[in-house]
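Beneath this line is the structure, given in structure tokens, with notes to follow.
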Amino acid sequence: MPATFTQTGLLLSLLLGVGQAHAASAISPADLAAENGIPHPAVIAHRGASFDAPESTAPAYKVARDLGADYLELDLQRSKDGVLFALHDDNLQRTTDVATKFPERKAAAANQFTMKELKTLDAGTWFNTAYPNRARPSYAGLQILTLDEVIDIAEANPLHKPGLYIETKEPKQFPGIEADLKKKLQARGWLNPAGTKPALSDAAVGRGNGKVVLQTFEKSSLELLHKEMPQVPKILLLWVGPGSIEPKSNVTFAASGEKDKATYYAKQEPKSKAEFQRWVDYAKRQGAIGTGPSALLTKGGDQSYSDLVQPWMNQYTHDQGLLVHVYTVDADVDYQKVMDAGVDGIFTNRASELLKFYKRPAAATVDQLLRNNGY
Ligand code: G3P
Ligand code: CA
């Protein structure tokens, strides 16, 4: 396999005359993943099993773990009193009852609340309202989780310990969060000493070298993460837009007249091939082991963005000796499309479906796992 990949890459480079611009990597993506203790292809449970349970809450993470997902993905923030916690949005309005509990502060950033205040919020009822077909009475009153609590969940199933795939979310809001994260991971035994050999098996993701993967859209945070934790695999997230890859057209969504953002993003593309390559090269230079590009989804929706996993893009990234973990894909048709294009792992809200697609189905259904966990 490695020899085939290398020979094919080299032959293609020679035929296309691009060998001088970027020599093909001497290592296959599968070997590169193994070197870093990362399953290939990887199942990354985006905010937990967030199709089936409220995102970033205990049932979402417990189900993802018990299904056998390789990683529990979370967006890291820090409370006003310095506690690290998991939440995607800047503020609390979409996924909690902040408007009822703290009406005068409902639009405030989540980081303006103490952990004690955050813990009073109901982070589950919104899901029951938004998705009545998947609603459960036990979701009402679910709490926002601290990083410690997500780690507790990851450690609690003796048969499968998933890894943690942690994004520094809007890190400029949280000076020093990279160092705080290092301290927490170290205290919890989730940081291996540099140079540790991976012990990779399906049951050992959370025990090997790739037990933690760090991800960010922000260049400055990637640099700080690498400085704090050089031995931990890192992914630079990519999209087309402000702060990331420069678009070909600068027409905003508001001015575009498109009916929704997915349609708008579908037409957004990097300014040039060189602009895309510049970001991949940057990731490599700053010590990342891969990129996390956006995907264009067949059915659109609010997680459909520019197609940054076109075969030439993945090939270029592989040629630089980097992996590609694409976000966020939930349907078989799109799993197939991105795998055919050459990605090495997928962020998904539906870990149960991706595991089936990869022929690694869980022994139990989502419903059984929710019940087993008391939901
Ligand atoms: O972290 C990868 C993916 O989650 C990026 O998108 O907005 O869901 O954090 P977002
Ligand atoms: Ca994320």
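The values are calculated or read from the model by the stated rules, or taken from the named source; none is laboratory data. Quick caveat: nothing in here was measured; it's all calculated off a predicted structure. Heads up, the Cβs are rebuilt from the backbone with ideal geometry, glycines too, and the neighbour counts pull from every protein chain shown. These accessible areas exclude ligands, DNA and RNA; they are computed on the full protein's heavy atoms, side chains included. Shrake-Rupley method; radii C 1.70, N 1.55, O 1.52, S 1.80 Å.
So here's what we get for this one:
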quantity	calculated
Segment 117-152, residues that are in a helix (DSSP H, G or I), closer than 30 Å to Gly210 by Cα and among the β-branched types (Val, Ile, Thr)	Val150, Ile151
Selection status of Glu275, of a type in the set (Asp, Glu) and either exposed (fewer than 15 other Cβ atoms within 10 Å of the Cβ) or without any contact (Cβ under 8 Å) to a residue 24 or more places away in the chain (or both)	no
Among residues of segment 285-307, those that are open to solvent by less than 20 Å² (accessible area, probe 1.4 Å), out of contact with any Phe, Trp or Tyr (no Cβ under 7 Å at 6 or more places or on another chain) and of a type outside the set (S, T, N, Q), counted	3
Residue list for segment 67-91, restricted to those being surrounded by 24 or more Cβ atoms within 10 Å (Cβ to Cβ) and either without any contact (Cβ under 8 Å) to a residue 40 or more places away in the chain or not aliphatic (A, V, I, L, M) (or both)	Asp70, Tyr71, Glu73, Gln77, Phe85
Unique match (being touching a helix residue (DSSP H, G or I) at 6+ places or on another chain (Cβ under 6 Å), open to solvent by 10 Å² or more (accessible area, probe 1.4 Å) and free of Cβ contacts under 8 Å to residues at least 12 places away in the same chain) among Ala135, Ala179, Ala140, Ala187	Ala135
Matching residues, segment 234-259, being among the charged types (D, E, K, R) and open to solvent by less than 60 Å² (accessible area, probe 1.4 Å)	Lys234, Glu258
In segment 45-95, residue nearest to ligand 2 (Cβ to nearest atom) [restricted to those that are within 17 Å of Ala130 (Cβ to Cβ) and of a type in the set (A, V, I, L, M, F, W, C)]	Leu87
All positions within segment 153-178 that are assigned to a helix (DSSP H, G or I) and in contact with a Lys or Arg (Cβ under 9 Å, 6 or more places away or on another chain)	Ile153, Ala154, Glu155, Gln173, Ile177, Glu178
